1. Using the Karplus equation 6.51 cos²θ - 1.76 cosθ + 1.60 (θ = phi - 60°), what ³J(HN,Hα) coupling, rounded to whole Hz, does each residue of the range 376-384 give in order, writing x for Gly and Pro?
2. So, with a 1.4 angstrom probe, what is the percent of accessible area on the range 266-392 that is carbon and sulfur?
3. Under a Cβ-only charge scheme (Lys and Arg +1, Asp and Glu -1), can you give me the dipole magnitude of the chain about the Cα centre, in debye to the nearest 20?
4. Between rounded, prolate and oblate, where does the chain land on the alpha carbon gyration tensor, with a ≥ b ≥ c its root eigenvalues, rounded for a/c under 1.5, else prolate if a/b exceeds b/c?
5. Could you point to the residue in S451, A419, N435 farthest towards the positive end of the range 408-456's charge dipole, with +1 and -1 charges on the Cβ of Lys/Arg and Asp/Glu respectively?
6. Within a Cβ distance under 12 Å of E265, other residues only, what is the Lys/Arg minus Asp/Glu net charge?
7. Give the percent of DSSP beta bridges with both residues in the chain that are antiparallel, rounded to the nearest 5.
8. How large is the dipole of the range 337-412 about the Cα centre if only Lys and Arg carry +1 and Asp and Glu carry -1, each at its Cβ, rounded to the nearest 20 debye?
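The values are calculated or read from the model by the stated rules, or taken from the named source; none is laboratory data. Please read all numbers here as calculations on a predicted model, not as lab measurements. So basically every Cβ, Gly included, is an ideal-geometry build from the backbone, and we count neighbours across all protein chains shown. Surface accessibility is based on the protein's heavy atoms, side chains included, excluding ligands, DNA and RNA. Shrake-Rupley method; radii C 1.70, N 1.55, O 1.52, S 1.80 Å.
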Amino acid sequence: MGTLRNGFRKETFVLSVDVGTTSIRCHVYDKAAKIRGSCARKMTLMYPEPGRVELDPEELWREFVVVVKGAVNDSGLQMSQMEALGISTQRATFTNWNRKTGEPFHNFISWQDLRAADLVRSWNSSFTMGAVHSVMKLLHFLTRQKRFLAASLVVFSTQHVSLRLAWMLHNCPQVLSQAVREGNCCFGTIDTWLLYKLTKGKNRPSYTVCDGVSNFLCFFLKMCWSGFLCSLLSLPLSIFPIVAVLCSSVPFLQMADQQAAMFGECCFDTGDVKITMGTGTFMDINTGNKPHTSIAGLYPLVGWKIGSEVVYVAEGNAADTGTAIKWAQELELFSDVRETEAMATSVEDSDGVCFVPSFSGLQAPLNDPGACASFMGLKPSTNKNHLVRAILESVAFRNKQLYDTMLRETCIPITKIRADGGVCTNDFIMQLTTNLLGQSISRPTHFDMSSLGAAFVAGLGVGG
């Protein structure tokens, strides 16, 4: 990478920002993928009511600017040397804002939010969904096209944007309803919000290698919006733009966090598996050029699209990995997360104590949004070490559940397994997961794979 300035070639670099659930990080990468500068900030989650999880859009934007400037300053380089900007973001966290003023109508509704749980249950048990499933099964029988089989098995979950958006539109302040009627309402996930802020509301299309094509349920597997699903949920299709732009003179590229981590882990071959353990656990398998059809809660996603080639992944997740560990820390079971490994190994077992990590329900293969977090098997002999061990074991047990579901459903031979995310630094969790899976797991020295993956693809976009 380099640009010609006054007859001399000036070395250039790639900025990459990862917007996670509880933190936002920026790194400056050189052409050897070495980090030259970094900056990180914590994000504050808000819990206005039980089951509701929100983020302040303006705070997110301020912290985004801070980490970008901070990483460049830390590198000792100039902003003019940044050739491209890659962004990986948490998926399914969204807001609505005024198209003219840019003012948000409400906070970001987090992917962990459960406010639409009743609506999800109602839709999944409705006559309409039953009819859709029956028609799709018939179409699959007649055509043998896998997309109809996938549609026949689709069920909603609280993590899908669509029903949380529908809930907001039906329970929103009058000003939001009026903006929707007047066509003055913009909708988007975090990537779209950042895009809007970076361009000051201007739409300037440009070349892109990959965009956030998998951030929405209604963006169906044919790589276009499903007008049927949008109309079914009474969602105005016109508020769903997906765009890529040129931000000033710096090409901008967005990738969803788990797909970026897959790319960063170089899981390019069918059967490659990536386990990201952060706020939640996300286990993804490369399924090649065909989307996977699941009956147990794995969901097919577009991994990335480079040129005309589309790579798909199948994903299962557990929402409360880092969340459970942070909760235990706030209860003062330990003061530093680095203590947990020693605490867990200081006792022979958990003394029969089991922990269910379900502050946001249980995902695949159980798919119960109403499941509650709990300790079971408590005894007078139970101490802090037993409780901490039970929490760490629960992470590995959920990994085992997801892995077995993935093996059973995809029938794809596993070629390699790689792990990343902050929780994978815990040797107790990693060793127990390895034992339960019966497979070796590679752990990189650099754990921020989402940021690295976005940097890789951004570099490809500018010919790096």
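1. After applying 6.51 cos²θ - 1.76 cosθ + 1.60, I find 10, x, 5, 9, x, 7, 5, 10, 4 Hz.
2. On the way: 2930 of 5280 Å².
C and S atoms contribute 56 percent here.
3. Working: 42 positive and 40 negative charges, 303 e Å.
That gives a dipole near 1460 debye.
4. On the way: a/c = 1.39, a/b = 1.10, b/c = 1.26.
Note, shape of the chain comes out rounded.
5. Sorting the options by dipole projection puts first N435.
6. Numbers: positive: K274, K416, R418, R443; negative: D269, D272, D284, D420, D448.
Result for the local shell: -1.
7. On the way: 55 of 74 bridges.
Around 75 percent of the beta bridges assigned by DSSP in the chain are antiparallel ones.
8. Numbers: 7 positive and 9 negative charges, 20 e Å.
Here the range 337-412 has a charge dipole of around 100 debye.
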